[in-house]
Amino acid sequence: MTRLWVKEMYREVAKGVYYIGVDDHHTELFENLWKIPFGVSYNSYLIVDEKVALIETVKGPWSEQWQENIREIIDPAKIDYIILNHMEPDHTSSLPDIAKIATNATMIYTNKASDMQKSFYDIPLKEKTVEDLEEISLGTKTLKFIHAPFLHWPETMMTYIIEDEILFSCDAFGAFGALNEKVFDDEIDLRMVESESRRYLSAIITSYFKFVQRGIEKVKDLGIGIKVIAPSHGPIYRKDPMWIVDRYNEWTRPELEKYATIVYGTMYGYNHRLAIKLKKELIDLGVEVKLHNISYTEMSRVLVDAIRAGVLIVGTPTYDAFPFPKIWAFVNEVQGKRFPVKTVALFGTYGWGGGGVKKLQNMFEEMKFEILEPIIRVKARPSDEESEQIRLLAKAIAKRLQ
Ligand code: FEO
């Protein structure tokens with residue numbers, strides 16, 4: 001068979017423990033939502049001991065390549081356990097393929113995952129549901145299963161090899177970005193990883209920040225050694241596993257940052273002028289400001305700057321008597337992702353008909369945000385009086401960030 005895809009089929013993580021994941025350079029939108037210009041990896045691992053355990057599968061279209069990776073190490077028919085840390089199809093949609101080959105394997109997952117598996121695939125293999133902290137022996141290696149609800153779904157768990165001190169952390173500590181045969185943290189420029197892991201976290205896991213904090217605490221409380229963190233997306237951390245833990249901890253902690261983020265829409269530039277005017281006033285008051293035109297910054301990058309802002313500032317023109325559609329989509333993210341920030345300032349233009357800012361106000365009131373005064377509503381170009389209102393709003397924002 002001619003192989004068109006990879007130079008290296010697998011990488012050894014520890015003796016008998018192999019990375020067998022794949023890179024996706026074709027999907028444009030992860031979850032059909034989030035741009036992934038640098039691709040993404042679907043990580044899967046194989047543990048070859050007296051028993052053979054497979055940890056996770058990969059997204060369906062990459063199944064053939066992934067099975068090739070397995071075959072480079074062992075005959076997949078010899079797999080004894082298929083461990084499914086998480087049922088989302090980017091981790092499981094090759095399960096039906098491997099199940100046809102590894103016909104003697106037992107699927108191992110949580111009770112909640114069992115229900116999902118039956119709904120998604122109804123695979124005719126044996127299954128074993130595991131309790132939190134339950135262990136199984138593979139011979140010389142012991143696996144411990146650590147339930148990690150909402151990292152990223154309620155059924156999720158992590159798997160830990162006690163003897164090797166390797167934590168397979170699933171979505172937690174993951175990153176966007178294909179690996180391009182550079183699988184380990186010591187082989188990659190971590191500046192890129194930092195940016196893509198924060199974007200991944202913001203896009204996928206913002207709703208579950210408190211579960212990230214709980215997960216980190218839980219693993220700390222277990223007192224287990226961690227030599228390697230092997231997530232299901234992005235690099236494996238063997239040089240400094242705490243590097244990614246510390247970053248996830250920092251990005252999800254409850255305390256917000258002392259900057260303001262302006263997210264605004266504009267059709268013909270009048271609302272843009274308001275945004276710039278407000279930004280200048282804030283800078284004059286010594287406030288750090290991040291600014292995004294919602295039409296031109298990809299949503300996940302907007303989220304990175306908006307989620308942890310001490311004050312969120314949202315500006316919209318009126319469009320069909322409602323907020324600008326892309327701003328509406330952003331507010332939907334604010335609501336759906338249960339932003340930790342709860343203080344907002346609002347501004348907008350209305351041209352000839354009102355409604356945009358008023359409806360934005362209603363939306364944030366419903367979400368129980370504190371809305372700083374004054375709320376700025378301008379027809380097109382601000383009058384002197386309206387410019388003074390902008391100065392007052394800047395002062396209120398600066399005061400809140402002190
Ligand atoms: Fe990588 Fe929640 O799936």
Subject >> Bridge type composition, the range 276-402 - antiparallel percent by DSSP, nearest 5 >> reply: 15
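Can you work out the FRET efficiency for the pair ARG391 and ARG273, with r the C-beta to C-beta distance and R0 = 22 Å, to the nearest 0.05?
It comes out at approximately 0.90.
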Subject >> the chain: angle of helix 190-204 to the longest principal axis, Cα-based, in degrees nearest 10 >> reply: 80
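Net charge near GLU298: determine it from the other residues with C-beta under 14 Å of the C-beta of GLU298, scoring Lys and Arg +1 and Asp and Glu -1.
0
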Subject >> C-alpha long axis of helix 111-120 to longest principal axis of the chain, angle in ° >> reply: 90
Original post:
Expressed as a whole number of Å, what is the distance separating the alpha-carbon centroids of the range 169-198 and the range 208-266?
Top reply: 13
Original post:
Charges only on Cβ, +1 for Lys and Arg, -1 for Asp and Glu: so what's the dipole of the chain about the Cα centre, in debye to the nearest 20?
Top reply: 1500
Original post:
If you take the beta carbon distance between TRP352 and LYS239 as r and set R0 to 51 Å, what does 1/(1 + (r/R0)^6) give as a FRET efficiency, to the nearest 0.05?
Top reply: 0.25
**OP:** Note down the relative contact order for the range 11-252 as a percent, whole number, built from C-alpha pairs under 8 angstrom at least six residues apart.
**Re:** 17
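So for each of 81-90, 65-74 I average, over its residues, the number of other beta carbons within 10 Å; can you give me the resulting order with the highest mean first?
81-90, 65-74
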**OP:** Consider just the alpha-carbon atoms of the chain and return their Rg together with their Dmax, both in angstrom.
**Re:** 24.2, 79
**OP:** Pick out, from ASN362, MET267, TRP352, the residue whose Cα sits farthest towards the positive end of the charge dipole of the chain, with +1 on the Cβ of Lys and Arg and -1 on the Cβ of Asp and Glu.
**Re:** TRP352
**OP:** Could you work out how far the C-alpha centroid of the range 284-310 sits from that of the range 95-130, in angstrom?
**Re:** 43
Subject >> 25 Å Cα-Cα threshold exceeded, pairs from LYS258/LYS279; LYS279/LYS342; LYS337/LYS395; LYS35/LYS358; LYS210/LYS279; LYS35/LYS258 >> reply: LYS337/LYS395; LYS35/LYS358; LYS210/LYS279; LYS35/LYS258
Subject >> Crossing angle, helix 384-401 versus the chain [Cα axis fit, 0-90 degrees, rounded to tens] >> reply: 40
Original post:
Among LYS220, LYS258, LYS144, which one moves the most in a GNM of the chain with springs linking Cα atoms closer than 10 Å?
Top reply: LYS220
**OP:** Before rounding to the nearest 500, sum -39500 (n - 2.57) across all DSSP H runs of length at least 4 in the chain and divide by the residue total; then give [θ] at 222 nm in deg cm²/dmol.
**Re:** -10000 deg cm²/dmol
Subject >> Mean Cβ count within 10 Å, highest first, over the residues of peptides 360-366, 148-154, 197-203 >> reply: 197-203, 148-154, 360-366
Original post:
What lysines sit close enough to LYS128 to cross-link, taking a C-alpha to C-alpha distance under 23 Å and skipping anything fewer than 8 places away on the same chain?
Top reply: LYS51, LYS59, LYS78, LYS100, LYS112, LYS118, LYS141, LYS144
Original post:
Under 16 Å Cα-Cα from LYS326, which aspartates and glutamates qualify once same-chain neighbours fewer than 8 residues away are excluded?
Top reply: GLU298
Subject >> Under 12 Å from the GLU50 label point (7 Å along Cα→beta-carbon), backbone N, the range 127-168 >> reply: 137-142
Original post:
How far is it, in nm, from the label point at ARG253 to the one at PHE120 when both lie 7 Å from their Cα along the line to the Cβ?
Top reply: 3.4
**OP:** Mind giving me the FRET efficiency for THR129 and SER207? R0 is 25 Å, r the Cβ-Cβ distance, nearest 0.05 is fine.
**Re:** 0.45
Original post:
So in the chain, what percent of DSSP beta bridges are antiparallel if you round to the nearest 5?
Top reply: 45
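Report the gain in length on full extension from GLU72 to ILE371: 0.36 nm times residue separation, minus Cα-Cα distance, nm rounded to one decimal.
Between GLU72 and ILE371, full extension yields 101.7 nm more.
Computed from the coordinates by the stated procedures, all read-outs in this text should not be read as laboratory data. Small disclaimer: the values here were computed from a predicted structure and weren't measured. Counting neighbours? That spans all protein chains shown, and the Cβs are built from the backbone with ideal geometry, glycine included.
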